[in-house]
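Everything below concerns the one structure shown next.
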C-alpha cells in the first residue's frame, strides 16, 4: 500500500497530478478540474477532493509570485472584490460538500462554461465594457467560490471573467495564481474543518504535490513560448474539454 492506496492506483494518481501540473503551467489553470475529474474516475470523490487541495495551494504560490511579490500584490489590490467574493463563498459552501448531489453540481458548473467557451471558439468573442467590471467581479467571485467550496474547482468562472475583459496574457496568468492561491488557502482551512482533510487523506494530498510541481515547471516553459492569440485559444480549448468532461460525469454519474 502507498499512502493507503494500491501501488497501481497511486501510480495513476501520480500521472494525473503530473499532467494537471503541465496544463496548469502552460495556461495558468485547470489543475483542480483535471485532478477532480481524473482522480474521481478511480478514487472516491472525497479522496479526490482531498488529493487536489495541497497541490493546488503549492502550485499557485509558484504561479502567483513568478513575476515577483510586487506584481502579485498589485493584482490583489486590483482584483480585491473578485478575490473577496471567492473566499467568502468557499467558506460558506464548503460545509455543503456532502449535501448537494455530485451530479447536479457537475452539471451546474459544466453546462454554462461549455456554452461560453464553445461560443468563443466559434468566433463570438464576448468582450465586456469596463463599466460592468465591479458587477461581473461579484457575480464571478460568488459563483466560483460556491463551486470551489463543494468541488475544489473554482477556476472556470474566473477564467470566463478574465477572457470577457480581454485580459493580457501575463496579467491573466498572474491574477489566476493570486485568486486561486487565496481560494486554495481558504479551501484548505475549510476542509480541515469539514473532515475531508484528515490523518488519512492529508499524506496522500501532500504526496501529489511532487508530480504537480514538476508538471507545473515544465508547463511554465511551454507558456513562455505561446503568443497571446495561441495562449487564448489554448485556454479556451482546455476550458472546453474540462467543462465537457464535467457534463459527461454529471450525466453518467
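The figures follow:
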item: Over the range 122-253: Rg over Rh, Cα atoms, Kirkwood Rh; result: 0.98
item: Calculated P(r) tail over 35 Å for the range 7-252, as whole % of Cα pairs; result: 6 percent
item: Scattering curve values for the range 54-93, log₁₀ I(q)/I(0), Debye with Cα scatterers, q = 0.17 Å⁻¹; result: -0.55
item: With Cα atoms, 0 to 90° folded angle of helix 80-93 axis to the chain main axis; result: 30 degrees
item: Residue 217-residue 77 pseudo-label distance in nm [points 7 Å out on the Cα-to-Cβ vector]; result: 3.3 nm
item: Protection proxy ranking, peptides 83-94, 50-61, 163-174, 223-234, average beta carbon neighbours within 10 Å, highest first; result: 50-61, 83-94, 163-174, 223-234
item: Gained length - residue 119 relative to residue 139, 0.36 nm times residue gap less alpha-carbon distance; result: 5.2 nm
item: Largest to smallest principal axis extent of the C-alpha atoms in the range 1-86, angstrom; result: 45, 24, 20
item: Principal axis box of the range 63-199, alpha-carbon based, largest edge first, Å; result: 43, 36, 23
item: Kirkwood hydrodynamic radius of the range 208-253, from inverse mean 1/r over distinct Cα pairs, in Å; result: 12.5 Å
item: Cα-based radius of gyration of the range 26-143 once divided by 2.2 N^0.38 Å, which approximates compact folds; result: 1.21
item: Degrees separating the helix 133-151 axis from the principal Cα axis of the chain, which is the longest one; result: 10 degrees
item: Relative contact order computed over the range 7-252 (Cα-Cα under 8 Å; 6+ residues apart), in percent; result: 41 percent
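Since every read-out is calculated from the coordinates, none of them should be taken as a lab result. All values reported here derive from a predicted model rather than from experimental measurement. Using ideal geometry, Cβ is built from the backbone for each residue, glycine included, and neighbour counts are taken over all protein chains shown.
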